[in-house]
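Data block below; observations after.
The values are calculated or read from the model by the stated rules, or taken from the named source; none is laboratory data. All values reported here derive from a predicted model rather than from experimental measurement. Every residue, glycine as well, gets a Cβ built from its backbone with ideal geometry; the counts of neighbours run over all protein chains shown. The area values use the complete protein model at the heavy-atom level, side chains included, leaving out ligands, DNA and RNA. Shrake-Rupley method; radii C 1.70, N 1.55, O 1.52, S 1.80 Å.
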Amino acid sequence: MALHLSWVFVFGILGNAVSFMVSLAPLPTFYQIYKKKTSEGFQSIPYVVSLFSAMLWIYYALLKKDAMFLITINTFCVFIQIFYIVTYFYYGPKKEKIVTVKLMLLFNVFGFGAIFLSTFFLPNPSIRLLVLGYICMAFALSVFAAPLAIVRKVIKTKSVEYMPFTLSVFLTLGAVMWFFYGLLLKDMNIAVPNILGFIFGVLQMILYAVYRKHPKKTIEESDPKLQLSNHSTVVDATKLGSNVCSDVHVFVPQLIYSNNNNNNNGRDDALNKV
């Protein structure tokens, strides 16, 4: 029993450490936003969804009572995502500010409120935890499926320009840590989504190995229908691996940005740093 608890502790610590680094991935991008005093066409939805996911997992961990490491990492994620959203809101144009407020109301107020009210007052605590666990697992699985968009992009363009290898590695490691954490706790709501995260993470690394030597080829070049006009932006909010701070719980966005009035360095910096 003591050995089992020690392994839970080990994987919980490792999962927290990996997810902590992953959740800080957008910081360079927001530093660029701060320097340029503009949100540069990025969207706020990845950070709003990430905040929503972290709130869900904190609620679940509080009801479960023996998943302290879920509380620690997702509490950090709540604060870092709020920081991202506030920064985005401050420097974003008026139209994007309105969209951000609507998203916050949809996910973090009405969405979370509906889940809380529909589960908290269930008379049977075990049923309450079971229902909330299914909700968390369903949301985590849907977020883990997001890499399909970037995988399709890589195969179509034969370019890994939009798929940072280091981030894929960390997300895969995070999925492994949180899978074993959930498995040792005998909690399939934590373990199962990370199986999908691990599979997609390995797939991304295989694709990187296959296409890394191919010349860079942007989406616009590969498909004329996707060519961008001046001031246009393409934003791909995908979870390359959770969820939201990610294990199953960290949603890490990959943002693809293009603006023909800016030089390529600005775009490349944003891509590489995210």
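Of the helices (runs of 4 or more DSSP H) that lie entirely inside region 1-105, those containing 3 or more residues that are more than 18 Å from Phe170 (Cβ to Cβ) and open to solvent by 50 Å² or more (accessible area, probe 1.4 Å) span 2-23, 27-36, 68-91, 94-103.
Looking at Phe42, is it modelled with pLDDT of 90 or more and under 19 Å from Val101 (Cβ atoms)? So Phe42 does not fit the description; no. The conditions of being open to solvent by less than 30 Å² (accessible area, probe 1.4 Å), at pLDDT 90 or above, within 17 Å of the chain's Cα centre (by Cα) and under 16 Å from Trp57 (Cα atoms) are met by Ala175.
Taken as a whole, the condition of being surrounded by fewer than 20 Cβ atoms within 10 Å (Cβ to Cβ) and in a helix (DSSP H, G or I) does not apply to Val143.
Among the residues of region 106-130, those identified as over 21 Å from Ser50 (Cα atoms) and exposed (fewer than 11 other Cβ atoms within 10 Å of the Cβ) are Phe121, Pro123, Asn124, Pro125, Ser126.
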